[in-house]
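Input: a single structure, listed below in structure tokens.
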Amino acid sequence: MKEDDVLSLNQDAAVRVAASDKAMKAVSETLTSEQLLQHILTSLEDDKAEDVVKVDLRGKSEMADYMVIASGRSSRQVASISEKLVDRLKQEHGRQCKVEGKDAGDWVLIDTGDVIVHVFRPEVREFYQLEKMWLSPSEQAAARV
């Protein structure tokens with residue numbers, strides 16, 4: 001194979017990847033933050049996440065519209081819940097997510113853009129108490145899903 005042939009194959013592949021990325025971005029942009037939140041809550045429920053809380057951040061923070069906090073019973077379940085959520089959002093909605101902490105499995109943060117998801121082991125969640133940081137006591141009870 002000549003060098004020119006290799007370059008043209010690489011250019012063709014690059015064009016296909018760019019078109020695919022553009023299509024994926026268009027799909028992910030069609031979801032509203034409320035629709036994305038609902039898909040996230042469904043995924044967490046399907047994977048048996050416990051004590052799920054949603055926090056409405058609109059008007060409180062510019063980082064996202066919603067935050068979801070959930071627990072898994074073990075490090076393995078926390079990692080699994082997180083991995084499946086990221087895979088579903090990518091496969092079903094073309095949503096690329098940033099993930100931190102999956103390897104340790106104590107606290108996984110998933111940034112989906114409009115919704116920030118925290119999945120904790122119960123002991124770690126109790127230590128950090130994110131709900132208390134973002135919700136008043138009366139809001140905490142109402143935020144449980």
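All of the numbers you see were taken from the coordinates with simple rules; none came from a lab. Just so you know, these numbers come straight off a predicted model, no measurement behind them. Note that each Cβ is placed from the backbone with ideal geometry, even for glycine, and that neighbours are counted across all protein chains shown.
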Subtracting the Cα-Cα distance of Glu123 and Gln38 from 0.36 nm times their residue separation yields 28.0 nm
Assertion target for Arg125, Arg73, Arg58, Arg88, ordered by fewest C-beta neighbours within 10 angstrom first, is Arg58, Arg73, Arg88, Arg125
If Ser74, Ser82 are placed from fewest to most neighbouring beta carbons inside 10 Å, the sequence is Ser74, Ser82
XL table Lys90/Lys132; Lys48/Lys90; Lys60/Lys90; Cα-Cα > 22 Å flagged, in table order, is Lys90/Lys132; Lys60/Lys90
The extension gain from Asp103 to Thr30, computed as 0.36 nm times the residue separation minus the Cα-Cα distance, is 23.2 nm
Both in Å, the radius of gyration and Dmax of the C-alpha trace of the range 32-143 are 12.9, 37
For Arg73 and Asp111, extending 7 Å from Cα along the Cα-Cβ vector and measuring point to point gives, in nm, a value of 3.3
Final fewest-first order of His39, His118 on the 10 Å Cβ neighbour count is His39, His118
